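Inspection log for the structure reproduced underneath, given as structure tokens.
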């Protein structure tokens with residue numbers, strides 16, 4: 001059996017994933033996992049994080065006699081990446097066809113929607129307060145009897161004043 005590995009030898013996880021995902025991706029979207037994995041090489045590092053191939057839409061054929069017609073690649077893009085991709089459509093189509101080895105794609109349809117995972121940005125830390133600002137905050141909350149409430153209001157006041165520009 002060609003292509004089989006002897007039992008007990010390690011197999012890269014990417015090979016296992018490709019064998020499992022490729023048939024599913026082809027059936028649901030017409031895209032191979034190789035195209036997804038190589039997307040950054042195809043479109044470049046500027047567009048890859050903000051775009052993703054969604055599916056290949058092949059035109060319907062009335063019968064076996066119909067000539068082959070290339071597919072339309074649906075690409076999801078975020079914001080300005082859609083404009084950049086639109087301007088580079090011809091070059092990207094050429095790269096995709098070179099990657100696949102034949103003229104599989106003749107058009108790109110761009111769909112604007114979120115692509116990247118929602119990455120939470122770290123909030124900027126408020127600046128350290130000057131001594132006069134610290135005294136001002138402490139003076140405003142000094143009349144509060146509950147220690148926990150006073151401490152919480154001091155932290156709030158320090159955050160509010162610390163987040164303002166100087």
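The values are calculated or read from the model by the stated rules, or taken from the named source; none is laboratory data. All of these numbers come straight from a predicted model, not from anything done at the bench. All Cβ positions, even for glycine, are placed from backbone atoms using ideal geometry, and neighbour counts span all protein chains on display.
Annotations
- For the range 116-128, the criterion of a residue being part of a helix (DSSP H, G or I) and either assigned by TED's automatic domain parsing to the domain that holds residue 47 or within 30 Å of residue 43 (Cβ to Cβ) (or both) is satisfied by no position.
- Verdict on residue 56 being modelled with pLDDT under 85, assigned by TED's automatic domain parsing to the domain that holds residue 36, in contact with a strand residue (DSSP E or B) (Cβ under 6 Å, 6 or more places away or on another chain) and surrounded by 10 or more Cβ atoms within 10 Å (Cβ to Cβ): yes
- Residue that is modelled with the lowest pLDDT [pool: residues in the range 124-154 that are under 38 Å from the mean Cα position of the chain (by Cα) and exposed (fewer than 12 other Cβ atoms within 10 Å of the Cβ)]: 124
- Unmet criterion (only one of (1) in contact (Cβ under 8 Å) with a residue 60 or more places away in the chain; (2) surrounded by 14 or more Cβ atoms within 10 Å (Cβ to Cβ); (3) under 21 Å from the mean Cα position of the chain (by Cα)) for residue 100: (3)
- Candidates 63, 44 - the one that is out of contact with any strand residue (DSSP E or B) (no Cβ under 7 Å at 6 or more places or on another chain), at pLDDT below 85, surrounded by fewer than 18 Cβ atoms within 10 Å (Cβ to Cβ) and farther than 30 Å from residue 158 by Cβ: 63
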